[in-house]
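What follows is a short report on a single structure.
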Amino acid sequence: MFADNPNQNNIIELRGISQSYDGGQNWIIQDFDFLIEDKPDQGQFVVLLGMSGSGKSTVLRYIAGLQKPTKGTVLVKGEEVDKQRVSMVFQQYSSLPWLTVLENVGLALKFQGVSKKERDEKAMELIKLVGLEGHEKKFAQYPTLSGGQLQRVAIARSLLANPEILIMDEPFGALDVKTRLTMQDLLTNIWRQFQSTIIFVTHDISEAVYLADDIYIMKSQPSKIVEHIHVDLPIERNRLTKRDPQYIALVHEVEDRMISVSEL
């Protein structure tokens, strides 16, 4: 499953990961391995599914460098995770409310010392991409912006920081149905345009099948991946995809496997 030596052909590698919060008396995650290999000129959309408490969000925090496991190694493009910049989009709105949309999106470039003129130009490109043109001077806070708009800010900010890898932890969970469907389509368009590697956590099985080209199901503590389902649907997807018999059959298959995993 793993190459003998770390290399940049592997986008994400988690090796021998274990997590305990009580000195090893109980293991939340134990002997966890996970590999996402590079797909050049294509990118990939990986979805993690599992019951609450199965460690999905913890795995994302490892990849983003926000948490270190008790044991094991986390590599991003063959390097220790703290040497790579990986942004994460959360379910909760994460924009800085005292900054404008433009300032929020360009924040990573500001930390890199990029001039204001250059970062504003690049930030505006992303703002237009996510459909926020005309809102760039507004403060990134609710209710000045809607929940969907605030998540668009977060996505644009993450893409500008690192368009190669995008980590998302239930980013649409708090949105209404219509906004959620719109954001799903936005994300599939971003995936195709940037050919990014997107790692996405959701509890919504139909959303997972619509977005993913690979779904991994995690079992509860001690957590590990127990199912891998390749989503054999065209990369170009739209609302009609959800009426395709193949899509419907895949949703039922994932539902059945989720039930089996919950009984382990």
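Throughout, read-outs are computed from the coordinates displayed, never taken from laboratory work. On a predicted model such as this, the values are computed, not experimentally measured, just so you know. Neighbour counts are summed over all protein chains in view; Cβ atoms, including those assigned to glycine, are modelled from backbone coordinates with ideal geometry.
Numerical summary
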| read-out | value |
| --- | --- |
| Assigned charges on the beta-carbon of Lys, Arg, Asp, Glu; the chain dipole about Cα centre (debye) | 940 |
| Nearest 10 degrees, 0 to 90: helix 177-194 Cα axis against the chain principal axis | 90 |
| Karplus-derived HN-Hα couplings along region 226-243 (A = 6.51, B = -1.76, C = 1.60, θ = phi - 60°), whole Hz, x at Gly and Pro | 10, 9, 10, 10, 7, 8, 8, 10, x, 5, 6, 10, 8, 4, 5, 4, 6, 9 |
| Whole-Hz ³J(HN,Hα) from phi, Karplus 6.51 cos²θ - 1.76 cosθ + 1.60, for region 53-59, glycine and proline x | x, 7, x, 4, 5, 5, 4 |
| Angle between the chain longest axis and helix 116-129 axis [Cα atoms, degrees, rounded to 10] | 60 |
| For region 212-219, Karplus couplings with θ = phi - 60° (6.51, -1.76, 1.60), whole Hz, Gly/Pro x | 7, 10, 9, 10, 10, 10, 9, 8 |
| Amide hydrogen neighbours beyond the local backbone of Leu96, cut-off 5 Å, H modeled | none |
| In degrees, nearest ten, helix 147-161 long axis to first principal axis of the chain (Cα) | 80 |
| Cα convex hull of region 36-104 - mean projected area over all directions, nm² | 7.0 |
| Peptides ranked, highest mean first, by Cβ atoms within 10 Å: ranges 230-239, 213-222 | 213-222, 230-239 |
| Cα pair count fraction exceeding 18 Å, expressed as % - region 87-161 | 27 |
| Antiparallel DSSP beta bridges within the chain, as percent of all bridges there, nearest 5 | 50 |
| Under-5 Å amide H pairs with Leu49, H placed in peptide plane, nonlocal only | Tyr216, Ile217, Met218 |
| 222 nm mean residue ellipticity, helices alone, for the chain (DSSP H n ≥ 4; -39,500 (n - 2.57); rounded to 500) | -10500 deg cm²/dmol |
| Straight-distance crosslink candidates among aspartates and glutamates, where the alpha carbon sits under 20 Å from Lys219 and sequence neighbours closer than 8 are dropped | Glu13, Asp31, Asp33, Asp169, Glu170, Asp204, Glu207, Glu227, Glu253, Glu255, Asp256, Glu263 |
| Size of electric dipole in region 202-264: Cβ of Lys, Arg +1 and of Asp, Glu -1, about Cα centre, debye, nearest 20 | 120 |
| Given (i) 19.2; (ii) 20.2; (iii) 36.0, the label whose value is Kirkwood radius over Cα pairs in Å derived from this model | (i) |
| When each of Lys83/Lys122; Lys110/Lys137; Lys178/Lys224; Lys138/Lys242 is checked by Cα-Cα distance, pairs over 26 Å | Lys178/Lys224; Lys138/Lys242 |
| Average projected area [Cα convex hull, region 121-203], square nanometres | 5.4 |
